[in-house]
Every structure is written in structure tokens, then in C-alpha cells.
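> A single structure is presented below for examination.
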Amino acid sequence: MTTAVRRIGARLGMAAWLLAVWVVLWGRVDALIVAGGVVAVVVAYAVSRLPAVPLVTRIRPLRLAEAAAELAWDLLASSVVIGWHALRAPRRVRGAVIEVRARTRSELVLLVVTTSISLRPGTLLVDLDWERSILRIHGMPVRDRREADAMRDGVLRTERRLMRALVTPEDTAEEGQG
């Protein structure tokens, strides 16, 4: 299946979803409501960059469980670290904005990675460049370059685990080229 066919299929999936929401909001199905919904969907796509329905070719349950366990551990560990710094010396805690170049080309995996990062105490997604897959993350505590690199490595480790758990066409195509 080519990239263009996948992209069109994903866009049609989102269009069908939007049309279904439109019909549900109107509360009945007739030709005029469906035609109006089609027009609304076309206009919505014309004036904005609506996301496609993300495609996952395979979910690996054990890898997904591993990623979930890692998130749970990170939540616990980062809560303890942030709590310790908040109680010990709240005014001396330093943070930094760290740039991370993501390896994935999948919007779904990138979305899950950024959500995972933002859920963890002490880290927050500040900016995301979708086209270049660059994440800018504010992290704390970060006192020196070594800690900044450790935080970057943690984000890349999370991404790697999620890429192994959620196999997407974009990342499979990348592997085949590289």
C-alpha cells in the first residue's frame, strides 16, 4: 500500500467521523443534512490542517505493557524528585528547555510521546515542530548539561519503546529506507 493511498484512507476516515458527528448533532438523517455535512467537512479541510485518523498496522501487547510500566515508574520517580526539591530548596530548583529530535515520523507515536512527557511531573512540552519532528521540553531539575542530556535520553527511550509497541506505516517505511 503506497503512502498516498494510506494518507487518503486516513483522511477519508476523519471525514467520515466528522460527518457522523455532524449527523448526530442534527439528530436525524436526511439528504439535506448529509449534503450539508459533506459541505462542512470539505470546508473544514480546505481552511485547516485537520489530522488524519492515525493508522497502526500492529500493536504489540507486551511492548505496550512495557511502555505503560515505564510511564508508571517515571510518574512515581519524577513525583518523588520534584517533591524532594520542592520541600528541600524550592527557590533553587533550576530548569531548562531541551530540544529533542524525534525519530518517529508517525503523528500517533509523536502524540503519545508528547502526552507521556506532559503527564510527568517536572516535564512539559513547550513546542512541537511537526514537520521536523522536534520537541522542545521544559524539564526540571536540570543543573548542568549532563542532566539535560539524561532528560533528552529519557524522552528518546520513551519514544523507542512506543515505536516498538505501536507499529505504524510511517515508521515501517522509515526502517525500510534506512
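> Would you report the distance distribution of C-alpha pairs in the range 2-47 as whole percents per 5 angstrom bin, up to the bin with the largest distance?
Reading the bins upward from 0: 5, 23, 26, 21, 14, 7, 4, 1.
> Also: Can you tell me the order of 27-34, 94-101, 128-135 when each peptide is scored by its average per-residue count of other Cβ atoms within 10 angstrom, highest first?
94-101, 128-135, 27-34
> Which one is right for this structure if semi-axes √(5λ) of the Cα gyration tensor in Å is calculated from it: (i) 38, 20, 15; (ii) 45, 18, 15; (iii) 27, 22, 14?
Computed from the coordinates, semi-axes √(5λ) of the Cα gyration tensor in Å corresponds to (i).
> Quick one: grab the alpha carbon gyration tensor of the range 105-169, order the square roots of its eigenvalues as a ≥ b ≥ c, and give me rounded if a/c is under 1.5, else prolate or oblate depending on whether a/b is larger than b/c.
It is prolate, given that a/c is not under 1.5 and a/b is the larger ratio.
> On average, how much accessible surface per residue is there in the chain, in Å², for a 1.4 Å probe, leaving out ligands, DNA and RNA?
It amounts to 64 Å² per residue over the chain.
> Taking θ = phi - 60°, what integer Hz values does the Karplus form 6.51 cos²θ - 1.76 cosθ + 1.60 yield along the range 60-72, in sequence order, with x for Gly and Pro?
9, x, 5, 5, 5, 5, 4, 5, 5, 5, 5, 4, 4
> Another question, if that's okay. What value, in deg cm²/dmol to 500, does the helix sum -39500 (n - 2.57) over DSSP H runs of n ≥ 4 give at 222 nm once divided by the residues of the chain?
So the helix-based figure for the chain works out to -21500 deg cm²/dmol.
The values are calculated or read from the model by the stated rules, or taken from the named source; none is laboratory data. Since this is a predicted model, take the numbers as computed values, not measurements. FYI the Cβ positions are ideal-geometry reconstructions off the backbone, even for glycines, and counts take in every protein chain you see. Just the protein is used for accessible areas: all its heavy atoms, side chains included, with ligands, DNA and RNA removed. Shrake-Rupley method; radii C 1.70, N 1.55, O 1.52, S 1.80 Å.
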